[in-house]
Structure formats: structure tokens, C-alpha cells
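In what follows, a structure is listed as C-alpha cells, so that the remarks can point back to it.
The values are calculated or read from the model by the stated rules, or taken from the named source; none is laboratory data. Model, not experiment: these values are computed from the prediction. So basically every Cβ, Gly included, is an ideal-geometry build from the backbone, and we count neighbours across all protein chains shown.
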Amino acid sequence: MTEPRDPRTIAATNGVAADTSYGAVIAPIHLSTTYKFPAFEKPGPYDYSRLGNPTRDQLADTLAKLEGGARAVVVSSGMAALDLALSSLRPGDLLVAPHDCYGGTHRLLSLRAARGHYAVAFVDQTDPAALEAAFARKPKVVLIETPSNPLMRVVDIRRVTGLARAAGALSVVDNTFLSPALQRPLSLGADLVVHATTKFLNGHSDVVGGAVVAADATVGDELAAWANTIGVTGSPFDAYLTLRGVRTLFVRVEQQQRTAGRLAAFLAGHPAVAAVYYPGLASHPGHALAQAQQSGFGAMLSFELVGGREAVRQVVGRVQVFTLAESLGGVESLISHAETMTHAAMDPEARAIAGITGGLLRLSIGLEAEDDLLADLAQALDAVQAG
């Protein structure tokens, strides 16, 4: 039988019924930290779990196949994955990063730059002139986050990775918001893809993890060696849970994005809402580009309230189905306030440049009934509108 090529089949079956010891259908959890050497100076395929573990390797193999990459490295968190992907940078090297990236990313890059580990230029990657100026500075790595968190700006992956390649720079794409169910950056020219597997890949808000997928096997091997050296590889049990989540990735995301589209359309017509940021809306400036490089619009959206921060306080205090919490991508719907939660670490000036205001709310759409989520938002917004 030929190996499955459809990503849906890979997600559901990669590693299933592969156990040679007992014929287990579901891949077992290998919790052992250490492994027996068959003989003196003859290590087996595994010797110590920080370096290699069968359960973690099964997840890595599945993620690599889903992204169309040569090798994946599974690590302990999304931030560890990003830091690992940028580990080739040296003092004096320039990293070009999105000006409106996730707050934790902005914090990591700013603190690394402050310590002299590398230089960072935060750039609006939807602005051709800004990109041209950034590439004129000869960066070593370009980080792309699309759609961006939380304003859902869509960056042309083909164009930016093409510019990076011409400049001799490594291109890294954060694919956390869409997952390989909806976007495959390596096929668009990226060298590396990073994930917070905590989010859509796991999908159940019960595991913190990350992964880096490399287009080139040699680069992947180097990243794996460095992950072992600095000790950021993920735990076997977390890998097992994440692989369990990956099995249902496609069906979860399909339902979640369908609901997200309906909620975005509702919010766009509500008088208490000043703006909606969702690439699935025809009015979104990145709508056509999203159609071209994505296979769906995703389950994340943000919106701006007319009443600013006070209106935010009222809305988050009134919702009953949505939960006020950080993170995203789980089966439960979450509402968060970027200014005081996910992007609180960014200084006010950086938030203003990115367009993150006190009236901005972000939604992660789960698997609840569409009508219940719609009614929940409607009653909260209507109450604010009524004063």
C-alpha cells in the first residue's frame, strides 16, 4: 500500500497499528527516561529520552508529514519552538519580525535584542516599502506570522519568503493560528514552520507544547541536536496527548471556522462594533490573499468595540458561553483582551504602532452550538448598546 498523501488521512492514521510488540492499534506511551544498550559500545535506537523518545518521535513524524517537511522537532512550548527556530542567529545578525506579532513573541525578541543576542527590526510586512527597507539591511532571518495575532493581518508568504531567499536569509513562519489543516507554509517557500502545539494541534487546552518543522533534513537534524543540548525537548506524555488531539484536527477546525465566519458576519453588522478583523470577510484587506494561500479562514477573529475599554469590561462581564481566558484553539470558546492579557508585555508605544487598542477583543471559536455562541455575543453587545 502506498503511503497516504491526503493530510486528513495522515492526521487520523499516521502511527496507527504500527506497534510491533503487541499489535496495539494506538501508539503506546513510552515513559522510560533511559534505554538498555544491547552490548558494550552498541547503543540501540534510543538511549536517553531527552535526545530521543518513541512517542515524541511519532508526533514529530506526523507533524512533519502534515506540513510537508523533512523533519520536525517537538519541544516543551510554543515559545521554546520559536526560540529554537531562531537559534542560528548570532550577535550582530538582524531578524526581521512582524510589528503586530503575538505579545510573547514580541517580549522574547525584545529581550534577546536587549541582551545583544541579535538585532530585531519590527516591520509591517503588509507594507511593500517597509519590507524593501528591511531587506536592504540584509537580515539573516525573517519571521512571518500570518494571520497575525490579534489583528488578523495576512502576509504574502510567497513574496516574503522569495525576498528572504534572494537575500540569503532563513524564513520562519508561525502557523499556529491556522495549523496545517488550513495553511502549509513550506509549500509556499518557507524554510521553517513553528507551532504552539498547545493550540489547534492539541485542541483540548490540556497540554503546553511546541514544534519546529524544517523543509531541509540537515537543518532539522541541527535543530534536533540543539534542542537536546539545551534540554527543551517535549515530554512523552505531552506528545501522546498532542498526537491524540491531532487525530481530530481537521474535523475540529472545519466546524470551528464555519462558526467563526457566521459570528464575524454578525459582529460586522452590530452597532456596538466599530470594526471586525477576520480574513473571511470580503471587506478584509487580506481576503483575496488569504483565499490564495490558505484553504480556509480559520477560527480566530478580533473586533473593536465602539465604547472602548469600558465597553470591553461590560462585554466580558456579561458573556456566559465564552470564557475570559488567554490561549486559543481548544474545543471551548474563549474571549480575551489583548491590551491587558496576551499583549500586556508590549510597551504602550509598540501596541499603538501595531494597532492594538483598549477596545480590542479576540475570540477563539470552539465547538459549541453556533446559535448559543451567537446568542451569547448578542445579549452582551445589546446590553452595552442599550447603555
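Quick rundown of the values:
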| quantity | calculated |
| --- | --- |
| Per-region count, the stretch 307-346, residues farther than 23 Å from Q385 by Cβ, among the hydrophobic types (A, V, I, L, M, F, W, C) and touching a residue at least 40 places away in the same chain (Cβ under 8 Å) | 5 |
| Residue satisfying all of: in the stretch 65-112; small (G, A, S) and in a helix (DSSP H, G or I); nearest to L163 (Cα to Cα) among these | A85 |
| Hey, T62 among the β-branched types (V, I, T), at pLDDT 95 or above and either in the same structural domain as T229 (by TED's automatic domain parsing) or not in a loop (DSSP other than H, G, I, E, B) (or both) or not | yes |
| Residue check, A70 assigned by TED's automatic domain parsing to the domain that holds V194, surrounded by fewer than 17 Cβ atoms within 10 Å (Cβ to Cβ) and either in contact with a helix residue (DSSP H, G or I) (Cβ under 6 Å, 6 or more places away or on another chain) or of a type in the set (F, W, Y) (or both) | yes |
| Filter result (surrounded by fewer than 24 Cβ atoms within 10 Å (Cβ to Cβ) and among the charged types (D, E, K, R)) within the stretch 175-191 | D191 |
| Among (1) in contact (Cβ under 8 Å) with a residue 60 or more places away in the chain; (2) of a type in the set (D, E, K, R); (3) touching a Leu at 6+ places or on another chain (Cβ under 6 Å) - the single one E304 does not satisfy | (1) |
| Residue check for R50: assigned by TED's automatic domain parsing to the domain that holds A224, under 30 Å from the mean Cα position of the chain (by Cα) and not in a loop (DSSP other than H, G, I, E, B) | no |
| Residue among R318, R351, R362 that is closer than 23 Å to T198 by Cα and of a type in the set (K, R) | R362 |
| Top-ranked residue in the stretch 257-288 [being of a type in the set (A, V, I, L, M) and in contact with an Asp or Glu (Cβ under 6 Å, 6 or more places away or on another chain); ranked as nearest to R158 (Cα to Cα)] | A275 |
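Residue-wise test of (1) among the small types (G, A, S); (2) under 22 Å from the mean Cα position of the chain (by Cα); (3) over 21 Å from G78 (Cβ atoms); (4) crowded, with 22+ Cβ neighbours inside 10 Å.
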| site | (1), (2), (3), (4) |
| --- | --- |
| V232 | no, yes, no, no |
| T248 | no, yes, no, no |
| E254 | no, yes, yes, no |
| V319 | no, no, yes, no |
